[in-house]
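Undergrad: A single structure is presented below for examination.
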Amino acid sequence: MDIEGEWTVRQVKEAIEKNHSMAADTLKLIAYGKVLDKDENSAASYNLKEGDFVVAMTQKAKPKPKPPVVVPEPAPVPVAAPVQTETVV
């Protein structure tokens, strides 16, 4: 597949998605043993040249963070008022 040096890593992933039915969000690109991990960087910024070999690996999509579970606090338990007693002598 031909790419242009000014393409961003994201654009390369999207081209792979279009041509090879691999979801761009699950792709990890590797060239020269280094992961091209910044989607906003250009292919040229990773020194990719014509004829270079880039590995495209799919990985599991990162799960969306789950909202925190809110556990309600138990209702306060009423405390009985102390009973006053009188001692008769």
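The values are calculated or read from the model by the stated rules, or taken from the named source; none is laboratory data. Owing to the predicted nature of the structure, the values given are computational and were not obtained by experimental measurement. Cβ placement follows ideal geometry from the backbone for every residue including glycine, while neighbour counts extend to all protein chains displayed.
Undergrad: Of everything in region 1-27, what is under 17 Å from residue 48 (Cα atoms), free of Cβ contacts under 8 Å to residues at least 24 places away in the same chain and hydrophobic (A, V, I, L, M, F, W, C)? Give them in sequence order.
TA: Residues satisfying the conditions are 1, 15.
Undergrad: Select from region 33-68 the residues that are of a type in the set (A, V, I, L, M, F, W, C) and either over 18 Å from the mean Cα position of the chain (by Cα) or not in a loop (DSSP other than H, G, I, E, B) (or both) and list them in ascending order.
TA: Matches in region 33-68: 35, 43, 44, 48, 53, 54, 55, 56, 57.
Undergrad: Please go through region 1-49 and pick out each residue that is more than 14 Å from residue 59 (Cβ to Cβ) and hydroxyl-bearing (Ser, Thr, Tyr).
TA: If the condition is that a residue be more than 14 Å from residue 59 (Cβ to Cβ) and hydroxyl-bearing (Ser, Thr, Tyr), then 8, 21, 32, 42, 45, 46 are the ones that fit.
Undergrad: So if I check each of 16, 30, which one is part of a helix (DSSP H, G or I) and among the β-branched types (Val, Ile, Thr)?
TA: Answer to the selection: 16.
Undergrad: Residue 34: at pLDDT 90 or above, loosely packed, with under 11 Cβ neighbours inside 10 Å and charged (D, E, K, R), yes or no?
TA: yes
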